[in-house]
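Inspection log for the structure reproduced underneath, given as structure tokens.
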Amino acid sequence: MDLNKTSRIVRSLAVVLTGAVAFALVAAPAQAQAVATPPLNVVSSAATELRAAQVPGDYWTAAKMAAAKSADEPNPAALKSASVGTVSAAGTVSAAGTVSTAGTASTAAAPSVAKSVSVNPTAGTTAVPASPATMTAGSLARPYTNLRDRLNGKVFFTDGSKNFVCSGTIVNSLNKEMVDTAGHCVSNGAGRFFTNWIFVPGYSSSATGCTTTAGCFPYGKWSARQLTTTTEWHSFANLKQDLGYAVLNTLGGKHIANLLGGQGSQFNMARQQTWNGFGYPQAAPFSGFDQRLCISGRLADDNPSTRPGPLAVRISCNMTAGSSGGGWLISVSRTGLGFVNSHNSYRYTSGSLANANVMYGPYYGSEALALFNSAQVL
């Protein structure tokens, strides 16, 4: 097995609990309750290890950020043939790259049996210069300083000696320090967390006309103090549980959600939704400098892995690598606040399901809720 190739596949655009999780449910809208101990399906980076590996103020210069690459898009057909981690029988791929045992799309929604849980958004204390324009699919207007757009941002991280990008969304939580992103934006899916991890809300670039550092990074560069994902992603590259949260350090003594605000989160909701998917796609035909939006209802469900977890969701979206981890929002208000209910995760780039105009995201069920609960008390 070519481990380097495997690493490239799972590190890209780009989780079923194995133990019982106890949490309290109250009438919606409700605040998700913290769990006393992490469930077995949750794994976090060692805080001391992550701190030792990064010096974000020195490492991430504007030039390095502009040069960071988007990795290959996660392709379930390729993952099934790669024997990632300890899994060797997650499906097979023919010589032509078509999926033979999993990865089939279904129009039948798997019912949610768990009670829905909502975590309310928060507006933050930073003044809002303008109300966001009506949401229209495509490129969003600069500057990304209204309440909706400033909560989306670009993720930068290092894997080995190379720098990569993803996307993410600030979410409200007990610790006021969380960014929702994809599991493959925090871990390589083979047991290794990334380093030099930062989040830049409202990211822009000198290539788009901003003339100062403050203009390119209007709300600063926020480093992660811990990264967390599901064991199913971290050890087995299971795309059905491609879930991740970064827990950030304070900046200037401020918590990011207190300062800028944070979107809400919803779990175990109906599968039939209209999502507003955000991200910074970087692979062609995009540049990675523009915040973009896709608006779509659910097209179908998808089973990208024989590993456990709820079926993923397919929507209409042409974003490419670099947009991974960008939040899918539902119930967005006129202020721009709503609820993250999935995120950009993967696309099929080979086989019968290959389609440049669709995107897949994980269903936010009990697995995502357990991960959220674990991360918000770190």
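Below is a table of values for the structure above.
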| quantity | calculated |
| --- | --- |
| Region 327-378 - residue that is out of contact with any strand residue (DSSP E or B) (no Cβ under 7 Å at 6 or more places or on another chain) and not polar (S, T, N, Q) and, of those, surrounded by the most Cβ atoms within 10 Å (Cβ to Cβ) | Tyr348 |
| Qualifying positions in region 263-288 - modelled with pLDDT of 95 or more, hydrophobic (A, V, I, L, M, F, W, C) and surrounded by fewer than 24 Cβ atoms within 10 Å (Cβ to Cβ) | Met269, Ala270 |
| Candidates Thr208, Thr212, Thr231 - the one that is at pLDDT 95 or above, over 15 Å from the mean Cα position of the chain (by Cα) and of a type outside the set (Phe, Trp, Tyr) | Thr231 |
| Any hit, region 237-245, residues being within 15 Å of the chain's Cα centre (by Cα), over 24 Å from Ala62 (Cα atoms), surrounded by fewer than 24 Cβ atoms within 10 Å (Cβ to Cβ) and modelled with pLDDT of 95 or more | no |
| Tabulated pairs, region 350-363, first polar (S, T, N, Q), second surrounded by fewer than 19 Cβ atoms within 10 Å (Cβ to Cβ), C-beta under 7 angstrom, 6+ apart or interchain | Ser350/Gly97; Ser352/Thr98; Asn357/Ser316; Asn357/Asn318 |
| Among residues of region 131-156, those that are touching a Leu at 6+ places or on another chain (Cβ under 9 Å), farther than 21 Å from Asn318 by Cβ and of a type outside the set (Lys, Arg), counted | 4 |
| In region 283-328, the residues that are in a loop (DSSP other than H, G, I, E, B) and either under 15 Å from the mean Cα position of the chain (by Cα) or β-branched (Val, Ile, Thr) (or both) | Gln291, Thr306, Met319, Thr320, Ala321, Gly322, Ser323, Ser324, Gly325, Gly326 |
| Filtered residues of region 168-193 (kept if out of contact with any helix residue (DSSP H, G or I) (no Cβ under 8 Å at 6 or more places or on another chain), surrounded by 24 or more Cβ atoms within 10 Å (Cβ to Cβ) and of a type outside the set (Val, Ile, Thr)) | Asp180, Ala182, Cys185 |
| Enumeration of residues in region 309-326 that are within 14 Å of Tyr363 (Cα to Cα) and surrounded by fewer than 24 Cβ atoms within 10 Å (Cβ to Cβ) | Pro310, Leu311, Arg314, Ile315 |
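The values are calculated or read from the model by the stated rules, or taken from the named source; none is laboratory data. Keep in mind it's a predicted model, so treat the numbers as computed, not measured. All Cβ positions, glycine included, derive from the backbone under ideal geometry; neighbour counts span all protein chains shown.
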